Amino acid sequence: MGSDSIQMTFGDGKRRVFPKGISLGEALKATDEAEQAWIAAQLDGIFVDLNTVLEADATVEGLTADSQKGLDILRHSASHIMAQAVKALFPQARIAIGPAIENGFYYDFDVEKPFSEEDLTRIEAKMAEIISRHLAFFRKEIPREEAIAEFEKRGEAYKVEILEEIPDAMVSLYQQGDFVDLCRGPHIPDTGYLKAFKLTSIAGAYWRGDERNRMLQRIYGTAFGDQAAMEKYLHFLEEAHKRDHRRLGRELDLFSFSDEVGAGMVIYHPKGAILRHILEVFEKREHLRRGYQLVIGPTLLKTELWKRSGHFDHYRENMYFTEIEEQSYGIKPMNCLAHMLIYKSRIRSYRDLPLRLFELGTVHRHEKSGVLHGLLRVRQFTQDDAHILCMPEQLHKEIQDIIDFVIEVMGVFGFSYDMEISTRPTKSIGTDLDWERATDALISAIEDKGIPYTMCEGEGAFYGPKIDVKLRDALDRRWQCATIQCDFTLPERFDLTYIGVDGQRHRPVMVHRVILGAMERFLGVLIEHYAGAFPTWLAPVQTVIVTVSDAQLDFARRAFERLRDLGVRVELDDRNEKLGYKIREAQMQKIPYMLVIGDREVAAGGISPRRRDGTQLEMMSPESLAMLIEKECLDATRGKVGLGII
Ligand SMILES: [Zn+2]
Ligand SMILES: [Zn+2]
């Protein structure tokens with residue numbers, strides 16, 4: 001081969017010869033169409049621009065916007081284009097950093113006046129203009145000192161500060177049009193490659209995330225390989241915003257948080273409390289039906305006990321402690337200990353096993369204030385927690401029953417789910433035999449059901465393997481809910497035993513498990529899943545009565561009392577407001593049935609229910625409506641919940 005040509009080996013094994021000095025982009029023009037859709041590439045394993053000049057033989061692997069790395073490059077390039085637009089419109093703006101992030105990108109700017117929504121529109125228009133000019137991204141490698149001088153000349157103090165901390169002698173700059181940035185790259189070949197982008201929001205952000213530093217203005221945006229993918233994402237964002245449980249929680253008057261109380265502590269308002277109560281009754285019934293026994297443990301337990309269980313050593317940072325009569329106590333972060341003491345309260349024989357103890361246990365865990373998030377991340381929460389103590393040979397059946405339990409409950413709420421099995425981590429306790437037996441029990445229980453699962457090697461707890469169930473909501477987002485964990489430590493530490501068939505003492509196996517997980521978190525997920533429009537069996541108010549005028553009030557009150565007697569969760573809106581206003585409000589509250597009482601209803605002695613979706617039903621008696629609602633609830637819950645759950 002001549003010294004003027006080079007050989008490129010493509011990902012599919014194809015080899016092609018090109019003249020030396022050709023850019024990768026130019027070379028691609030001579031290839032298949034699929035390769036021409038590349039926006040960047042890997043040359044001998046290193047991510048590079050398509051503008052890279054080819055000097056030697058190499059293997060090349062293309063990147064399109066269909067891959068995550070390709071999308072990151074596209075989005076990061078969009079941040080350069082946005083910064084160029086901002087500099088064109090606001091020449092005094094100082095640029096800081098502009099990375100790609102999950103779902104998009106941002107760039108931080110130091111400006112005198114915060115950006116407005118109108119500014120975003122102008123910046124987007126400027127970006128469109130820059131894109132239409134197909135400006136190439138030129139890479140230039142220069143000595144660090146020269147780069148410092150360049151950015152000093154341009155008044156970019158943040159870039160100078162970054163450069164002063166870079167140890168390398170040479171740095172790379174990228175330029176498109178008159179805009180220069182310090183960057184490692186790679187980027188798209190020219191601005192025209194950005195086909196779909198949108199600026200989404202503005203926020204304040206301290207330089208380097210440190211509140212002692214200057215507050216910068218961060219503009220967030222997103223970009224996709226094509227318009228359709230972006231539209232889909234923007235629609236998802238809008239849906240997620242509409243369903244935000246914090247907003248719906250306020251609008252539907254379900255719960256609140258208060259600075260006076262403290263962060264991460266939920267205050268349930270009447271409607272939120274009823275919702276939670278329905279969930280709890282449902283759960284208690286389902287557990288009792290499956291042979292669990294209800295127990296209640298204390299919130300404060302002596303610190304000595306937490307030391308014995310290992311929580312003090314391994315979990316102290318997340319716990320709250322207090323002192324009573326010079327005795328130290330810990331507030332429980334988990335419900336296990338009281339359940340162990342119940343087991344130990346008398347001699348157990350194999351006939352007592354499996355023992356399934358269930359508690360709606362309220363726990364406190366310290367979470368940093370920065371990670372708290374509505375109901376999804378709180379400091380006080382209640383788990384639907386159970387501990388099963390059984391003989392090793394009973395483990396398989398117990399796990400299978402729990403999986404059936406999870407599947408049935410997820411079906412009632414309309415969630416689909418994924419299962420993961422986590423196996424032994426490097427730092428762990430227990431014998432090889434224990435681990436093998438428990439892991440096999442988890443795997444075979446899932447496999448016997450024919451459920452697909454993912455293996456997470458080495459991600460189990462130090463005390464045993466586990467199954468995690470991630471549910472998928474209406475927007476296809478994944479949430480952690482049920483978990484089933486085997487535990488070899490606690491039975492050991494607390495010396496739990498049972499008398500076997502052989503008359504000898506044996507060690508039981510312990511399983512910790514939750515089905516919904518934290519009630520707070522599950523409620524938050526439910527609110528977003530249903531967008532606040534709860535199915536009738538869960539709705540805090542199932543029907544609301546509104547009158548056309550005060551003339552129908554007596555009749556409305558009688559209907560209200562009758563429905564309440566029949567077990568329907570009913571509300572009477574007897575405020576002296578216009579009918580239209582009351583109807584709109586009932587719709588905002590997403591109440592499943594509305595009864596508008598006018599002269600016609602009074603004359604006929606009946607009620608005319610209207611469904612949330614607008615369907616008007618025939619006039620009927622309160623008894624018929626109660627039967628209708630009861631049937632709807634039973635159908636939705638597979639016969640588990642009707643009226644009168646309260
Ligand atoms: Zn860059
Ligand atoms: Zn536990």
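The values are calculated or read from the model by the stated rules, or taken from the named source; none is laboratory data. Only a predicted model underlies this, so the values are computations on that prediction, with no experimental measurement involved. Please note: Cβ atoms are built from the backbone with ideal geometry, for glycine as well, and neighbour counts cover all protein chains shown. The protein model used for the area step is the full one, side chains on, heavy atoms only, and it has no ligands, DNA or RNA in it. Shrake-Rupley method; radii C 1.70, N 1.55, O 1.52, S 1.80 Å.
With an 8 Å Cα cut-off and a minimum separation of 6 or more residues, compute the relative contact order for region 229-306 in percent. Before the final figure, lay out each step's value.
Details: 34 pairs, mean separation 12.2, N = 78.
After rounding, I find 16 percent.
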Give the span of the chain's Cα atoms along each principal axis, as three whole-Å numbers ordered largest to smallest. 88, 79, 57
Please name whichever of Leu433, Gln394, Phe413 sits farthest to the positive end of the charge dipole of region 355-463, dipole taken about the Cα centre and charges placed at Cβ: Lys and Arg +1, Asp and Glu -1. Phe413
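Trypsin sites (Lys or Arg not before Pro), restricted to region 542-614: which are DSSP loop and have at most 14 other Cβ atoms within 10 Å? Can you show the working numbers first?
Details: sites: Arg557, Arg558, Arg562, Arg564, Arg569, Arg575, Lys578, Lys582, Arg584, Lys590, Arg600, Arg610, Arg611, Arg612; in loops: Arg569, Arg575, Lys578, Lys590, Arg612.
Answer by residue number: Arg575, Lys578.
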What one gets for region 477-552 as the Kirkwood radius, inverse of mean 1/r over different Cα pairs in Å, is 17.4 Å
Apply the a/c threshold of 1.5 to the C-alpha gyration tensor of region 278-372 and tell me whether it is rounded, prolate or oblate. oblate
Put +1 on the Cβ of each Lys and Arg and -1 on the Cβ of each Asp and Glu in region 45-192; which of Leu163, Ile73, Ala58 then has its Cα farthest toward the positive end of the dipole? Ile73
With +1 on the Cβ of every Lys and Arg and -1 on the Cβ of every Asp and Glu, and nothing else charged, how large is the dipole of the chain about its Cα centre, in debye rounded to the nearest 20? 1600 debye
If you place +1 on the Cβ of every Lys and Arg, -1 on the Cβ of every Asp and Glu, and leave all else neutral, what size is the dipole of region 74-156 about its Cα centre, to the nearest 20 Debye? 300 debye
For Leu54, what residues show an amide H to amide H distance below 5 Å, using hydrogens built from the backbone and excluding near sequence neighbours? Gly21, Ile22, Ser23, Leu24
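Treating only the Cβ of Lys, Arg, Asp and Glu as charged (+1, +1, -1, -1), what charge dipole size does region 530-646 show about its Cα centre? Round to the nearest 20 debye. Don't jump to the answer; show the numbers that get you there.
On the way: 17 positive and 17 negative charges, 73 e Å.
Dipole about the Cα centre, nearest 20: 340 debye.
Answer rounded, prolate or oblate for region 368-419, using the Cα gyration tensor with square roots of eigenvalues a ≥ b ≥ c: rounded when a/c is under 1.5, else prolate when a/b is larger than b/c, else oblate.
On the way: a/c = 3.15, a/b = 1.65, b/c = 1.91.
Cα axes put region 368-419 in the oblate bin.
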Roughly how far apart, in whole Å, are the Cα centres of region 596-646 and region 116-172? 65 Å
Kirkwood-based Rg over Rh for region 258-322 (C-alpha set), two decimals? 1.09
Eligible lysines near Lys302 by straight Cα distance, threshold 27 Å, same-chain separation 8 or greater: Lys332, Lys344, Lys368
Using a cut-off of 15 Å between alpha-carbon atoms, which aspartates and glutamates can reach Lys397, once sequence neighbours fewer than 8 places away in the same chain are excluded? Asp440, Glu447, Asp448
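Rounded, prolate or oblate: which fits region 529-605 when a ≥ b ≥ c are the square roots of the eigenvalues of the alpha-carbon gyration tensor, with rounded for a/c under 1.5 and prolate only if a/b beats b/c?
The shape class here is oblate.
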Placing +1 on the Cβ of each Lys and Arg and -1 on the Cβ of each Asp and Glu in the chain, which of Leu173, Ser621, Pro540 has its Cα farthest towards the positive end of the resulting dipole? Ser621
Length-normalised contact order for the chain - Cα pairs under 8 Å, 6+ apart - percent: 9 percent
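Pairs to check: Lys470/Lys590; Lys232/Lys582; Lys113/Lys242; Lys87/Lys195; Lys29/Lys87; Lys20/Lys87. Give those whose C-alpha atoms are more than 26 Å from each other in this structure. Intermediate values should be presented prior to the final figure.
Values: Lys470/Lys590 28 Å; Lys232/Lys582 35 Å; Lys113/Lys242 30 Å; Lys87/Lys195 21 Å; Lys29/Lys87 33 Å; Lys20/Lys87 37 Å.
The pairs that break the limit, which is 26 Å between Cα atoms, are Lys470/Lys590; Lys232/Lys582; Lys113/Lys242; Lys29/Lys87; Lys20/Lys87.
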Quick check: the distance between the Cα centres of region 419-482 and region 338-410, to the nearest angstrom? 16 Å
Could you tell me what percent of the accessible area of the chain is made up of carbon and sulfur, with a 1.4 Å probe and every protein chain present? 50 percent
Each label point is 7 Å from the Cα along the Cα-to-Cβ direction; what then is the distance between the points at Lys449 and Arg290, in nm? 0.9 nm
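For region 401-510, compute Rg over Rh where Rg is the Cα radius of gyration and Rh is the Kirkwood radius from the inverse mean 1/r over Cα pairs. Could the numbers behind the result be given before it?
Working: Rg = 15.9 Å, Rh = 15.3 Å.
With Rh from the inverse mean 1/r over Cα pairs, Rg/Rh is 1.04.
Taking Rh as the Kirkwood radius computed over C-alpha pairs, what is the Stokes-Einstein D of region 146-259 at 10 °C in a medium of viscosity 1.306 mPa s, expressed in µm² per second?
D = 86 µm²/s.
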Here the relative contact order (percent) of region 306-397, from C-alpha pairs under 8 Å and at least 6 apart, is 28 percent
What are the GluC sites (Glu not before Pro) within region 602-646 that DSSP puts in a loop, where the Cβ has at most 15 other Cβ atoms within 10 Å? Glu618
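Note the full-extension length gain between Ile324 and Asp418 as 0.36 nm times their separation in residues minus their Cα-Cα distance, in nm to one decimal.
Numbers: separation 94, 0.36 × 94 = 33.84 nm, distance 4.50 nm.
Between Ile324 and Asp418, full extension yields an extra 29.3 nm.
I'd like to check one number: the per residue accessible area of region 506-571, probe 1.4 Å, reported in Å² as a whole number. Intermediate values should be presented prior to the final figure.
Details: 1950 Å² over 66 residues.
Ligands and nucleic acids excluded, the figure is 30 Å² per residue.
Going by average Cβ neighbours within 10 Å, how do the peptides 6-13, 461-468, 189-196 rank, with the highest at the top? Provide the component values of the computation, followed by the final result.
Values: 6-13: 14.4, 461-468: 22.2, 189-196: 19.9.
Ranking the peptides 6-13, 461-468, 189-196 by packing returns 461-468, 189-196, 6-13.
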Please identify every one of the GluC sites (Glu not before Pro) in region 444-539 that sits in a loop by DSSP and has no more than 16 other beta carbons within 10 Å of its own beta carbon. Glu457, Glu459
